[in-house]
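Novice: Submitted below is the structure of interest, expressed as structure tokens.
Read-outs throughout are calculated quantities, based only on the coordinates presented, and are distinct from any laboratory measurement. Quantities reported herein were computed from a predicted structural model and do not represent experimental measurements. Neighbour counts are summed over all protein chains in view; Cβ atoms, including those assigned to glycine, are modelled from backbone coordinates with ideal geometry.
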Amino acid sequence: MSLLKKFAFEKSLIYVLIIAGLIVFGFIFFLFFSNLTKSIKIETPDGGEEWGIGQSYKITWKAKGIKKVGIVLFKGEEPKWIAKNVYAELGEYGWKIYPGQEYGDDYWVAVFEYPWQKGNRIDYSDRPFAIVYPELASCDSVSIQNGWPYLPGDLPDLRRVFITENRYTGNLEGLEGADRICQEQAEQQGFEGTWQAFLGGDKEEELAVRRMEKTPRGTKGIFIEAEPAATLIERKATCHRLLGKNFDEFLDRLSDALIINEEKLGKEFLENLKNIWLGKVDEKSKQNCILIANVSGDLAEKYSFTATCQNWTQGDKFVQPDYPVSTCYTPGGKHTDAVALGGLSSGLTGGEAAINAFTMYQGKYCDTHQKLLCIEE
């Protein structure tokens, strides 16, 4: 190759390399610049709204340099999909909040560049918003949503029921003290009327059922959760979950199988029902030598001669040295002393090989902190 041709070839190669370099640089610059100019900004919800279940609302945003977006709902750490693969240029998405969506405060919406990968643009609501039950004309929609009857609070002969927020040892200052706790907590929660603890004492006339029978309405009434689930528009009444059409049906909730109660009770009420003081509920309640649940170790520490934490004035785990130790016998006939202080409580029975069921006759140490079941008189 002549010197002239070789120079021309090298010159052309330099031009090619320069052009290729410019193309690569331009591509990198385009990617860098386009990534800098990408943006998403949520306009609604921006916080403070109350969006009702069963209604439709627009989630709106402004996007730049983004083709598609995804939308999720946050409460806590785990997101819940609202929409995927939405064209960003639309700027809005109509979201229908279907029955079954949980309600409450502290909800956030996030709109992000779809599909998600590290470095994608994302924006959140400026502040949390609330998802609420809408005001209703009847309790039917609440009943349909939950698959269980809800009754308006202005129906006659309703008996409201709640479980205390606070926990107490067996030292309740007697049955009167337990009733006082229920009354005070009812007033704190805005529940009117007179309230009594569903709690039994040592004497036959102090059985929890007998104490109910002595109230002005006895055991009559339709039993409902005191806490309302929704508010009605016209009647200014509230909707309440049905616990039992009568007292016997309500009492069954304390001894039903767990799988049955999961359908009939709200989550919070169901969870609380596992740990409430009951004492001697009826004639079936054991009089003495109750077996303390889930206790390993010394045999004497598993048995309590009392069934009511000495009629609800003791909050200790074991009897004091000067207290007379009583004789008990195991199911196999083995003799043992009863040195524990225990009271009858609600609880769960069963295990891996059995069906879990509620019981009204589970023994627990008197220093255990548990809740009270309160019923409107």
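Novice: In deg cm²/dmol, rounded to 500, what helix-only [θ] at 222 nm does the chain give when every DSSP H run of at least 4 residues adds -39500 (n - 2.57) and the total is split over its residues?
Specialist: Working: 8 runs with 86 residues, N = 377.
One gets -7000 deg cm²/dmol as the mean residue ellipticity at 222 nm.
Novice: Further question: Starting from the Kirkwood radius over alpha-carbon pairs of segment 39-132, derive D by Stokes-Einstein at 37 °C in a medium of 0.692 mPa s and give it in µm² s⁻¹.
Specialist: Details: Rh = 13.3 Å.
Once the numbers are plugged in, D ends up at 248 µm²/s.
Novice: Can you spot the aspartates and glutamates whose alpha carbon is less than 16 Å from K38's alpha carbon? Ignore those fewer than 8 places along the same chain.
Specialist: Straight-distance partners of K38: E89, E113, D123.
Novice: What is the angle, in °, between the Cα long axis of helix 174-188 and the longest principal axis of the Cα atoms in the chain? Nearest 10 is fine, range 0 to 90.
Specialist: 30
Novice: Okay, moving on. Over the Cα atoms of segment 140-271, compute the convex hull volume and normalise it per residue, giving Å³.
Specialist: Here the figure is 121 Å³ per residue.
Novice: Computed over the Cα atoms of segment 225-267, what is the ratio Rg over Rh, Rh following Kirkwood?
Specialist: 1.08
Novice: Say R0 is 45 Å: what FRET efficiency, to the nearest 0.05, do W81 and V209 get from their beta-carbon distance?
Specialist: 0.35
Novice: Would you mind ranking V109, V132 so that the residue whose beta carbon has the fewest other beta carbons within 10 Å leads the list?
Specialist: V132, V109
Novice: Taking Cα atoms, how many degrees apart are the long axis of helix 3-37 and the longest axis of the chain, rounded to 10 and kept between 0 and 90?
Specialist: Tilt of helix 3-37: around 30 degrees.
Novice: Given a Förster distance of 56 Å, report the FRET efficiency between N294 and Q55 from their Cβ-Cβ distance, rounded to the nearest 0.05.
Specialist: Here the calculated transfer efficiency is 0.75.
Novice: Okay, moving on. Could you go through segment 53-59 in sequence order and give the Karplus-derived ³J(HN,Hα) for each residue, using 6.51 cos²θ - 1.76 cosθ + 1.60 with θ = phi - 60°, rounded to whole Hz, and x for Gly and Pro?
Specialist: These are the phi-based 3J(HN,Hα) values: 5, x, 9, 10, 9, 9, 8 Hz.
Novice: Using a cut-off of 18 Å between alpha-carbon atoms, which aspartates and glutamates can reach K203, once sequence neighbours fewer than 8 places away in the same chain are excluded?
Specialist: List returned: E173, E176, D179, E213, D282, E283.
Novice: Counting residues in segment 290-368 as N, plug N into 2.2 N^0.38 Å and put the Cα Rg over that result.
Specialist: 1.11
Novice: Okay, moving on. Restricting to segment 140-271, what percent of DSSP beta bridges are antiparallel, rounded to 5? Intermediate values should be presented prior to the final figure.
Specialist: Working: 7 of 11 bridges.
Here the antiparallel bridges make up roughly 65 percent for segment 140-271.
Novice: Here is a further query. From the square roots a ≥ b ≥ c of the eigenvalues of the alpha-carbon gyration tensor of segment 219-376, which class results: rounded (a/c under 1.5), prolate (a/b over b/c), or oblate?
Specialist: Because a/c hits 1.5 or more and a/b exceeds b/c, segment 219-376 counts as prolate.
Novice: Once the Cβ-Cβ distance between D367 and Q189 is put in as r, and R0 is 35 Å, what FRET efficiency do you end up with, to the nearest 0.05?
Specialist: 0.85
Novice: Follow-up. Considering every Cα-Cα pair within the chain, what fraction, in whole percent, is farther apart than 30 Å?
Specialist: The calculated P(r) of the chain puts 58 percent of pairs beyond 30 Å.
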